[in-house]
Each structure stands twice: as structure tokens, then as C-alpha cells.
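Remarks on the structure that follows.
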Amino acid sequence: MSQTAVIIAVAYGIAVAIGVVISVAIWQSTRFAGEEVDAEPYSRREGAWLLVVLAALFALLLATIFYVPYGETAGAGKQVVRVTGVQFAWAVTPAVVQAGRPVEFLLTTRDVNHGFGVYSEGGVLAFQAQVMPDRTQKVVHTFDEPGTYTILCLEFCGVRHHEMQATLEVRG
Amino acid sequence: MSDERAREVARALTLRYVVASTAILAASGLLGVVLRSSQADWGRVGDNFWYAAMTAHGLGTFVGWAGFAVMGLSWWVLAGVGFPLRPFGLAMARLTWWLMVLGVAGVVVTTLLMGFGASWVFLYPLPFFGAGEWGAWATGLFSCSVLLVGLSIVTWCFGIVHTVLGPALHAVSQNVLTRLGVAMGWGYLWPRAFATNPRPVPYAVIPLTVIGLDMIVATLPLAGLLVWQIFESAGWVGSADPLFAKNILWWFGHPVVYLLLFPAVAVYYWLIPRYANRQLVAGNVIAIAWTVAVIANVLVWAHHIYLDYPENSVQSQINTVMQPMTFSLVLPSALSLYSLAFTIYRSAFRWTAASTALFLGLVGWLLAGLSGIVNATIALDVAVHNTLWIVGHFHHMAMLNIGLLIFGAVYALLPELTGKALYSERTALVHVWSTFVLGMTVFGLWLVQGLDGAPRRFSVLPSEYDTLTRVSVPFVVLLAAAQVLFFWNVWQTIRGRAGAAVFDERGLPVPVERGRPSLGTAAFEGAGMLAVVGLLLAAGAAGFVIGRESAEDDGGPAPTAPATTAVEGGDAAAGAEVFASAGCGGCHTYGPAGSSGQVGPSLDTTTLDAQQVEAIVGSGRGAMPAFDGRLDDEEIADVAAYVTEG
């Protein structure tokens with residue numbers, strides 16, 4: 001699992017656990033209800049709940065919006081790899097890069113939309129980006145670990161989509 | 001129309017929608033079982049059939065079942081809150097039904113029979129690159145079918161908007177725009193400007209108005225793209241811009257999710273208070289949330305294409321702006337969940353199979369919402385985009401939120417729609433709980449696989465994911481089996497097997513207490529439950545063991561040996577035609593063929609002999625795919641002769 005995936009797993013797990021506890025509490029509250037309770041205060045507090053939700057969303061926005069993958073540049077000493085997708089194959093030139101130095105991938109395709117997903121030897125999704133016909137998309141990634149990385153197509157592209165694979169050699 | 005007559009009309013309409021959508025669920029749900037068990041190598045189907053079935057399953061269950069069902073329930077909700085259909089609305093409602101049924105039928109024919117397998121998003125220009133599996137006819141007819149579905153959504157919107165603006169709105173103003181504001185709940189915020197007399201707009205009307213307006217705006221550009229595809233398949237126009245087409249697709253593709261959710265919210269708003277025996281707990285802020293919704297819903301499409309940011313385009317800026325826009329769409333859900341939860345909290349809630357389904361549907365809504373926030377966040381989407389996490393997310397949404405709501409609404413409303421008592425309350429309760437528990441398991445496994453990087457839309461998954469795929473199949477089968485309880489219950493109810501419906505003082509149907517069958521004694525029930533749990537554990541364990549074993553023999557199932565029963569001496573002239581038709585020149589430069597492809601090595605300088613070329617063409621090498629499935633032995637021999645002799 002990638003680091004991001006671990007963060008998602010933990011955050012989602014905690015949120016679901018809280019949600020389940022609240023759901024059970026609501027369910028239980030109806031089973032032992034004595035006389036009926038006036039619901040009017042709940043209506044009035046909905047405004048407060050709105051503020052709580054807004055604050056939480058704003059915090060999440062601030063915490064994440066600076067980590068968008070857009071507009072990355074590789075700078076000096078970069079390695080350039082040109083990638084062309086075609087139903088159902090990848091052309092990766094060169095297919096060997098150095099670890100520790102930024103790699104600028106220039107992605108395009110000759111036919112349909114494809115997805116460029118790069119997996120480490122341990123099966124961890126290192127990064128991914130979409131590949132469009134008639135356009136070039138730039139992705140920058142620095143490989144820390146040497147090894148043979150597998151490229152899968154991560155945008156459905158037709159009957160042999162799942163066979164559209166290639167490898168990328170990262171040397172130390 | 002008299003009140004009674006109007007209710008009669010809405011009743012017949014809703015029943016017709018519910019019956020048709022339930023039939024579609026039966027068919028397209030079964031396809032889902034085929035898809036997942038094929039992935040687990042438990043009845044493997046051909047690749048193109050798999051993708052065609054995926055296309056049919058997606059459109060069938062999402063729009064043909066869930067969308068269609070809540071569209072139908074909306075008519076009954078409107079009748080229930082005092083908004084009768086008038087002649088124009090009624091005509092639209094009837095037209096909607098026919099367009100949807102014809103459209104879904106067309107989708108079934110073009111996918112399962114004609115092999116169209118470009119997935120429900122038919123990401124342009126994929127429909128025109130069928131790789132020999134489907135042609136222009138299938139693309140044209142598929143586009144026509146989806147166009148019918150789209151038109152069905154638009155006519156439904158016309159019917160909804162016409163109905164909510166009718167005299168039942170009790171708006172003081174006769175101005176159409178003011179009346180629209182009233183229908184969107186603005187009277188709760190500005191009582192003078194959007195005055196009503198004698199009563200404010202019922203809450204259930206608000207989400208229906210919002211989606212009625214949005215889906216007109218959202219669907220018309222898609223209709224344009226579909227018409228373009230129809231023209232292109234007929235050869236009348238050239239190709240369109242792929243990035244623009246992608247934006248148009250998601251311009252529709254996001255709001256259509258809310259075509260399911262917002263009418264479902266209307267049903268929750270209407271039914272939950274009836275079971276809780278109190279008014280919907282709703283502060284005035286709920287009107288703010290719905291106003292945000294009507295705008296944001298059509299301005300968040302790019303969160304589906306966060307990972308498209310080609311150079312020399314403004315896509316990355318659009319995507320960045322749409323993260324906060326998408327976050328704002330959390331408001332209608334967060335406030336509605338608050339309202340519905342506190343409507344139930346410490347109320348004299350009447351627990352039946354129907355209300356249990358509604359309650360569990362709210363839990364499903366929460367789960368789907370939480371995973372949705374992950375998808376809405378660009379920095380997190382990078383890790384889960386186009387993985388099975390997304391599949392888990394929208395199944396939580398479609399089956400455990402919308403689906404359970406539909407089941408609950410059907411159990412709650414069938415007695416008042418048919419006048420007949422629900423056949424079996426107990427069966428309904430078993431169905432609801434097993435759907436929830438099995439659904440949580442099946443969809444939860446997708447979330448886990450997705451976080452582990454498992455790609456979605458793969459007919460054959462990389463072998464490291466086999467273990468969990470196999471574990472999930474028994475649960476998938478049981479989930480499907482549980483739905484049989486629903487079909488059986490509905491069928492027996494409509495046949496009137498439990499007699500006439502009886503309603504309590506709240507207007508809720510009273511569950512019929514039927515004599516327990518001899519199997520139903522407590523001891524038997526306990527033993528039965530233990531057996532089922534044991535079976536599940538055993539199946540899961542078996543799947544785990546099988547999966548682990550297959551993961552150990554490295555690389556999973558052995559690739560099929562290339563069919564190179566070498567045909568002696570291919571015909572180079574025939575090979576030239578094969579070279580052209582198989583598209584070899586797209587990747588390879590080859591002088592005699594006049595091709596200049598740069599993806600693969602040039603064939604002008606090849607030193608291979610014909611037999612080596614046959615082997616490579618047949619089984620592929622490096623980036624080059626295997627052609628043994630697309631070319632026969634003779635064709636491979638011919639093309640090998642062509643490139644070696646030339």
C-alpha cells in the first residue's frame with residue numbers, strides 16, 4: 001500500500017467507526033424511548049452542525065490542496081522519458097532510468113484514452129496519470145528504490161485493456 | 001382531476017416504474033455476479049463479453065434499476081405530499097417510462113448481442129476503436145439507446161418541474177421564477193419574498209425540484225455528444241476533441257449520480273417522519289444546502305478527471321477549483337443526514353422491515369459519503385483513481401444507500417400501491433439485513449483491494465489480487481441469492497397471497513402475522529443461522545486458501561501457449577493486407593507498406609526469420625500485444641512472410 005493509501009485507510013476506518021457508533025446510538029435511543037421527546041431543539045442546532053461541517057471541510061481543503069500533482073517541474077539534471085500508448089501496448093523510451101534523480105514523463109497516445117499507472121516491484125502504485133490522444137501530459141516522479149517497475153493501463157481502453165503492460169527499469 | 005383519481009393515476013404510474021425497474025435489477029444484477037466470479041476464475045467468460053457485460057451492468061443497475069425506481073417513486077411521493085400530476089406532467093411521466101424501457105433494451109442488445117464493450121462512460125473516442133470486437137453499427141445503435149435513456153431523464157425532469165410548480169405549491173406569486181424559488185425552499189429563508197399560503201413547501205419537494213432543474217442542464221450537452229457519435233458512426237462528421245468530449249461526459253456523469261440520490265432524499269424526507277411519528281427535524285439552513293446543491297451539482301464534473309492535466313490546457317485549473325466546489329456538495333448530504341438522524345433520535349420509531357431498510361440506507365449513505373470525500377480530494381484521489389476503491393464507493397452508494405431505500409420504500413408502499421398486504425414481513429427483514437451485511441462485505445473488499453492498487457475494469461486482475469477476489473465470490477453469490485427473497489416477496493404480494501392491506505393510525509401498513517411454518521421454531525432458526533454463518537466462514541476460508549495457493553505459483557494462471565502450429569510458407573501478398581488491416585503500421589515503420597509508426601522497432605532493418613516473427617506476432621513481446629486471438633495461424637504466417645521477404 002502506498003503512503004497515501006495508508007492515510008486513507010486509517011482516516012476512513014476511524015470515520016466509519018464513529019459513524020457506526022452514532023448509528024447504533026440512534027437505533028438504541030428509539031428502543032427504550034419512554035415518553036416522546038420534543039424535537040424542536042434539534043432543529044435549532046442544525047445551524048451549529050452546518051458550521052462544524054464547514055470548518056471540517058475547510059480544514060481538509062487546506063491540508064490537501066497544496067499537494068495537487070499539477071504543474072510539477074523536474075528542474076536541472078532531469079531525465080526525460082517519452083511514453084506513447086496504443087491499443088494495447090506501451091512504448092517507453094528510454095525504458096531505463098536512474099533512481100534518485102527526477103524523471104519527467106511525457107505521456108501521449110495514438111488512439112484512445114489510456115491511464116499510465118506505475119507499480120513498484122512490491123505491487124505498490126507509485127503514481128498514475130491519464131493519457132489523452134492529441135495531447136501531451138507531463139508527470140514528474142523521482143524513484144527512490146531501484147528495481148523493475150510495472151506499467152499498467154489505468155483507463156479502460158478496450159478488449160485487451162488488462163493486458164496492456166510494460167516495464168520500466170530503475171537502476172541505482 | 002379529483003384527488004382520488006389523481007392518486008389512482010400516480011399509483012398506477014409508480015407501480016409500472018417499480019415493476020419494470022425491478023425486472024431490470026434481476027437481469028443486470030445477475031451480470032454483476034458473472035463479472036465478479038469470472039474475475040475469480042470461477043466460470044471465466046471471454047474478455048469482450050466481460051467488458052460488454054460490464055457496460056450493460058453499469059447502465060442497467062445504475063440507471064435502469066436505481067435511477068428508474070426512484071424516478072417512479074417520486075411520482076408517489078409528490079402525490080403523497082399533495083402534488084397531483086396534471087395532464088402535461090402525466091404525459092411526460094408516461095413518455096419517460098417508454099423511453100427508458102426502450103433505451104435499456106437497446107443497451108442490452110448492443111452490448112450483449114453486438115459486443116459493444118466501451119463501458120458505460122464510453123470514453124470518446126473508444127467507441128470508434130473496437131479492436132475488431134464491435135463496429136460502427138454497434139456504436140451508432142448504442143449511442144441511440146443511451147440517447148433514449150437521456151431523453152427519458154429530460155422528460156422526467158419536465159414532468160417533475162411542471163408538477164412542483166402547480167397550484168399545490170400554494171405560492172402567492174404567479175411569477176415562474178419566484179415559484180421555482182418557493183419550490184427550492186427559499187420560503188424558509190425569505191418568507192416574504194417567497195410567500196406561501198396556507199402552508200410552506202413540503203421538504204420532499206425541494207430535492208426533486210433541484211434535480212429536475214439540474215438534470216435538464218446536465219443531460220442536453222451529453223445528448224449533443226451522443227448525436228455526434230451517431231453521425232460519426234454513419235460517417236457524416238469527423239472526430240471530436242477527446243478532452244472536450246471527456247468534460248461533456250462528466251458534465252452529465254456527475255449529476256446523474258444525484259439523479260439517484262436527490263429523489264431518494266425526497267423519499268427519506270417523506271417516509272422517515274411517518275415512521276418516527278414526528279415532523280422532519282429541519283432547520284432553515286436546509287434550504288441553504290439545497291441552494292448550494294442546485295448550483296454546485298453542475299459545476300463539479302471535473303472531479304472525475306482530476307488526473308487529466310495535459311499541457312497547454314486549463315484542465316488543471318478547472319480541476320483545482322472543483323475540489324472546494326465538490327466539498328460544498330457535502331452540505332446537502334451532511335444536513336440531510338443530520339435532519340433524518342435526529343428525526344429518528346429518541347422518537348417512537350416503528351421498526352419494520354421497511355423502516356429498517358430505510359435506516360440502514362442512511363448508514364450506507366454515510367459510508368458512501370465518507371469514501372466520496374476521499375475521491376473528491378485531489379491529493380488522495382491520486383492513490384485510488386480508477387482502482388477498485390471507486391467501485392466499492394459507488395456500490396455503497398448505489399446498493400446500500402439507494403438500493404436499500406428502494407427496498408424499504410417498496411416494502412413500505414406496496415400495500416398502499418396495491419391495496420394488498422406485504423406477503424412476508426419476516427422474509428423482508430431477512431432480505432434487508434442480509435443485503436446490508438453481505439453488501440458491506442463485498443463492497444468493503446473492493447475498498448481494500450483498491451487501496452492495495454487493484455485496477456478497476458480489468459476482466460482479469462493481476463494475480464496478487466486473486467485472494468480477496470476469491471474470498472468475495474461466495475458473498476457475491478449470497479448477495480444475489482438474497483435478492484430472490486425480494487422478488488419472491490413482491491411477486492406474492494402483488495398476487496395478494498397475504499390478503500388485503502391493513503393500516504394503523506399513522507397510515508403505516510400493519511405487518512401481517514402469519515402462522516409460523518414448522519421450520520420457524522426458535523431452535524430451528526438458531527440452527528439455520530449458525531449453518532449459514534458456518535457456510536460463509538467455510539467459503540471465505542476456502543477462497544483464502546485457494547487464492548493464496550494460486551498467488552504462490554508465481555504469475556498466476558499460465559498464459560495460453562501461442563497458437564503457432566506453423567503454417568509453412570506464408571503468402572506475402574496476403575500478408576500485406578493483414579499488415580494493413582491489423583494496424584501493424586501504427587507502431588512499426590515498414591517501407592514496403594509505407595508506414596512510419598515509431599512505437600515499435602522499424603521492420604525495414606529486421607534480421608529475424610519468418611518463424612521468429614510468427615512467434616512474436618502470436619504471443620507478443622515487450623510492449624507489443626499478442627495477436628493470436630485476433631489473427632488466425634495463416635494470417636500470422638502471411639504477415640510474417642510479408643515483413644521478412646519485403
Antiparallel DSSP beta bridges within the protein assembly as shown, as percent of all bridges there, nearest 5 | 75
Evaluate peptide B:457-469: per residue, the Cβ atoms of other protein chains within 10 Å of its Cβ; return the mean as an integer.
-> 3
Leading residue at positive end of dipole, the protein assembly as shown (Cβ point charges), from A:Pro94, A:His162, B:Tyr51 | B:Tyr51
Taking the Cβ-Cβ separation of B:Asn284 and A:Ala17 as r and a Förster radius of 35 Å, what is the calculated FRET efficiency to the nearest 0.05?
-> 0.65
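If r is the Cβ-Cβ distance from A:Gln28 to B:Arg274 and R0 is 25 Å, what FRET efficiency results, to the nearest 0.05?
Numbers: r = 21 Å, r/R0 = 0.85.
Between A:Gln28 and B:Arg274 the formula returns 0.75.
Loop-only check: which chymotrypsin sites (Phe, Trp or Tyr not before Pro) in the stretch B:164-242 are DSSP coil with at most 11 other Cβ within 10 angstrom?
Details: sites: B:Trp186, B:Tyr188, B:Phe194, B:Tyr203, B:Trp228, B:Phe231, B:Trp236; in loops: B:Phe194, B:Tyr203, B:Trp236.
Qualifying residues, ordered by number: B:Trp236.
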Projected onto the charge dipole of the protein assembly as shown (unit charges on the beta-carbon of Lys, Arg, Asp and Glu, signs +1, +1, -1, -1), the Cα from B:Val81, A:Ser120, B:Ser143 with the largest positive-side position is that of B:Val81
Is there a simple number for the mean count of other chain Cβ atoms within 10 Å of the Cβ of residues in A:117-124, and what is it?
-> 3
Tell me, what is the percent relative contact order of chain A, built from C-alpha pairs under 8 Å that lie six or more residues apart?
-> 20
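Using 0.36 nm per residue of separation minus the Cα-Cα distance, give me the extension gain between B:Ile295 and B:Trp236 in nm, one decimal. All intermediate terms of the calculation are to be shown ahead of the outcome.
Values: separation 59, 0.36 × 59 = 21.24 nm, distance 3.61 nm.
17.6 nm is the gain from fully extending B:Ile295 to B:Trp236.
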Relative contact order for the stretch B:110-151, counting Cα pairs under 8 Å that sit 6 or more residues apart, in percent = 43
Two-site FRET efficiency, B:Arg192 against A:Thr64, from Cβ-Cβ distance with R₀ of 56 Å, rounded to 0.05 | 0.85
List the relative contact order of chain B as a percent without decimals, with contacts defined as Cα pairs under 8 Å and 6+ residues apart.
-> 10
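If packing is taken as the average count of other Cβ atoms within 10 Å, what order do B:252-260, A:98-106, B:579-587 fall into, highest mean first?
For the peptides B:252-260, A:98-106, B:579-587, the packing ranking is B:252-260, B:579-587, A:98-106.
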Length released on extending from A:Glu169 to A:Thr142, taking residue separation times 0.36 nm less the Cα-Cα span | 8.4 nm
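Computed from the coordinates by the stated procedures, all read-outs in this text should not be read as laboratory data. Since this is a predicted model, take the numbers as computed values, not measurements. Neighbour counts are summed over all protein chains in view; Cβ atoms, including those assigned to glycine, are modelled from backbone coordinates with ideal geometry.
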